[in-house]
Amino acid sequence: MKRDGFAVPLIALLFILMTACPLPGSTWLKRKDSVQYVEFPGEIGKETVNFYRIYALDYPETAAEKDKFLNELGVAGARLLLRKQYINLLLPPAFPEDLEAIRNGATFSCEKLYATYASDLTDEEKTLLEEEISAGYPEEFGELQRLINKQYFYWLRYAGREKEYRADTAYTEFDKNELIEEILKKRQENIRTLFGILEDLVVKIDEESLEYCANTPFPVYVKKELLDQTDVRKGPKLVILTPGDRESVYPGKVALTVGTESKTLRDYKITPLIFPLSSVRDIYTRARSIPKTGTGSKKNAGRSIRTKDLLGFKLKENDGGKKRKPDVGRKDPPRSIPAFDEQKPEWVIE
């Protein structure tokens, strides 16, 4: 019995010695499932520190505030285009969704109550419209006319022309749609320069927009625990994980963690950083301050890269198992001993 009791710790000790001291001729290689073999465009340097700076903006919720935001951002986009500058922006899904709606000649989702045909409004929507809009109408034409007049008054007021409203006039759906088209045309003019900004857009995902994460072509900024609830085979090619998240390999994608130098990318060192902006106007200052190359010590040298460049990666064949040819007449470099105290070590003996 004593021999049996002694055998277990002896076997464990032999295993530790064997794993700590690899056999002659063996080499330490990263586990093939913990490394992503990719190649980025020439703008992203190999074996140098690449800083990926992303700037976060708050996106408004009301239609009037959205128009103001998009107008200011459109001006900023035009200036960046003229100066051949760029900026990586972080915004919620509502931003690209609103741009797509405007491009397709549709209103914001928050304006559905005022754009829907009056005859298609639900009882709840009718009640809400009654509470929100106070406007006279020719009573002899009934409830439907009252609803159309209220909708028309909303858009007339939105355009800053409420003085033109006449309470004794029976406005039509055609009158309402004509006014909406005028507003949408102006919105389309304001966003013409914004589609260049979309090249470097990152979308911020939360629990409410998790479904959007699995279908968007844009890169996403998301908690790892939320991302793992989706079908990671779908959705964006570039994933930015929140600070503290464990960096992981998702096949066919590049995944980085904010504030941490990448460890899963073969030959590349990329550190994502996020900075908040207080307003759209801050874009000018930030865009001018983004360095094209690093300065200072070699350790801190590197490029500030674009989202567009990160999306331009190409998958390479997994060459992790290729053996190096023996060097004749040259002393082997010292080998570092990996730590084994992690739950999922990223090293194996080959």
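The values are calculated or read from the model by the stated rules, or taken from the named source; none is laboratory data. Being a predicted model, the structure only gives us computed values, none of them experimental. Heads up, the Cβs are rebuilt from the backbone with ideal geometry, glycines too, and the neighbour counts pull from every protein chain shown. Keep in mind that these areas ignore ligands, DNA and RNA; they rest on the heavy atoms of the full protein, side chains included. Shrake-Rupley method; radii C 1.70, N 1.55, O 1.52, S 1.80 Å.
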Net +/- balance of residues flanking Ala118 in space, Cβ distance below 11 Å, scoring K and R +1, D and E -1
0
Within straight cross-link reach of Lys223, meaning Cα distance under 15 Å, which aspartates and glutamates are found once same-chain residues fewer than 8 apart are removed?
Asp206, Glu207, Glu208, Glu211, Asp231, Asp245, Glu247
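Can you give me the accessible area per residue for region 54-188, using a 1.4 Å probe, in Å²? Spell out each step's value before the answer.
Values: 7290 Å² over 135 residues.
Per residue, region 54-188 has 54 Å² of solvent-accessible surface.
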Once Rh for region 57-197 is found with the Kirkwood sum over Cα pairs, what is the Stokes-Einstein diffusion coefficient at 37 °C and 0.692 mPa s, in µm²/s?
198
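Where the accessible area of region 80-164 is counted over protein heavy atoms with a 1.4 Å probe, how much of it, in %, is carbon and sulfur?
49
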Segment Glu131-Ala106, extension gain: residue separation times 0.36 nm, minus the distance between their alpha carbons
6.5 nm
Sequence-distant or interchain residues sharing an amide H contact under 5 Å with Ile54, placed H: which?
Leu273, Ile274, Phe275
Students sometimes get this wrong: rank Leu128, Leu90 by accessible area, probe 1.4 Å, all chains present, largest first.
Leu128, Leu90
Tell me the accessible surface of Phe275 in square angstrom (1.4 angstrom probe, heavy atoms of protein chains only), to the nearest ten.
60
